[in-house]
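The values are calculated or read from the model by the stated rules, or taken from the named source; none is laboratory data. Since we're looking at a predicted model, the values are computed, not measured. As a convention, Cβ positions derive from the backbone with ideal geometry for all residues, glycine included, and neighbour counts pool all protein chains shown.
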Amino acid sequence: MNKPKPLIAIVEDNPADVKLAKICTQHLLDELEIIFFRQGDELMQYLTNGHCDKDRFRLILMDLNMPGMDGIEVMQMVRKTSGLEQVNTVIFSSSENQKEIYRAYESGANAYVVKPIDFVDYEFRLMKMLSFWCGVPAQEPQPSIATNPENRDSFSNL
């Protein structure tokens with residue numbers, strides 16, 4: 001019998017960042033189940049609708065600044081959700097504002113990682129987080145993401 005895959009939620013409202021995260025993680029789909037949400041309230045609906053297997057949750061990776069609930073509000077609600085109080089929550093944001101970083105940690109974030117602009121750096125940080133928090137093998141960044149003209153063109157159109 002197959003062991004259930006660990007479950008990862010990525011909450012990101014920027015379509016280009018969602019697309020990049022999907023490209024970066026496509027090789028992990030045999031090891032992880034990754035669910036994407038555009039807003040924090042979508043994640044909370046999923047977590048509280050009774051269909052979520054909370055025992056499989058390993059990580060919630062979310063942007064800080066999103067429409068509706070921001071990443072900190074979502075994290076605070078997750079911390080109050082029965083069965084998810086101890087799930088790892090990481091804020092992955094382009095903001096380097098020290099007050100926001102402090103507020104995230106004060107609210108219970110396990111980590112705050114600044115989202116880089118460069119494709120290769122983005123992939124590197126994302127893979128390091130998944131390796132650390134979920135135990136997937138760490139891999140060197142795949143230059144094909146940053147250098148593949150097809151990927152670059154698709155991001156510039158968003």
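For segment 4-35: of the residues being hydrophobic (A, V, I, L, M, F, W, C) and part of a strand (DSSP E or B), which is surrounded by the fewest Cβ atoms within 10 Å (Cβ to Cβ)?
Ile35
Residue-wise test of (1) surrounded by 19 or more Cβ atoms within 10 Å (Cβ to Cβ); (2) of a type outside the set (Lys, Arg).
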residue	(1), (2)
Asn2	no, yes
Arg38	no, no
His51	no, yes
Leu61	yes, yes
Lys99	no, no
Ala111	no, yes
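Name the residues in segment 76-97 that are of a type in the set (Gly, Ala, Ser) and not in a strand (DSSP E or B), would you?
Ser82, Gly83, Ser94, Ser95
So which of Ser93, Ser107 is among the polar types (S, T, N, Q) and surrounded by fewer than 18 Cβ atoms within 10 Å (Cβ to Cβ)?
Result of the check over Ser93, Ser107: Ser107.
Within segment 118-144, which residues are more than 18 Å from Pro6 (Cα to Cα) and either among the charged types (D, E, K, R) or modelled with pLDDT of 75 or more (or both)?
Those that are more than 18 Å from Pro6 (Cα to Cα) and either among the charged types (D, E, K, R) or modelled with pLDDT of 75 or more (or both): Asp118, Phe119, Val120, Asp121, Tyr122, Glu123, Phe124, Arg125, Glu140.
So which of Arg58, Arg79, Arg103 is under 14 Å from the mean Cα position of the chain (by Cα) and among the basic types (Lys, Arg)? Break it down into steps so the answer makes sense when it comes.
Values: Arg79 fails: under 14 Å from the mean Cα position of the chain (by Cα); Arg103 fails: under 14 Å from the mean Cα position of the chain (by Cα).
Going through Arg58, Arg79, Arg103 in turn, the sole match is Arg58.
Please find, among Glu100, Glu123, Glu73, the residue that is part of a helix (DSSP H, G or I), charged (D, E, K, R), touching a Ser or Thr at 6+ places or on another chain (Cβ under 8 Å) and in contact (Cβ under 8 Å) with a residue 12 or more places away in the chain.
Of Glu100, Glu123, Glu73, the one residue that is part of a helix (DSSP H, G or I), charged (D, E, K, R), touching a Ser or Thr at 6+ places or on another chain (Cβ under 8 Å) and in contact (Cβ under 8 Å) with a residue 12 or more places away in the chain is Glu100.
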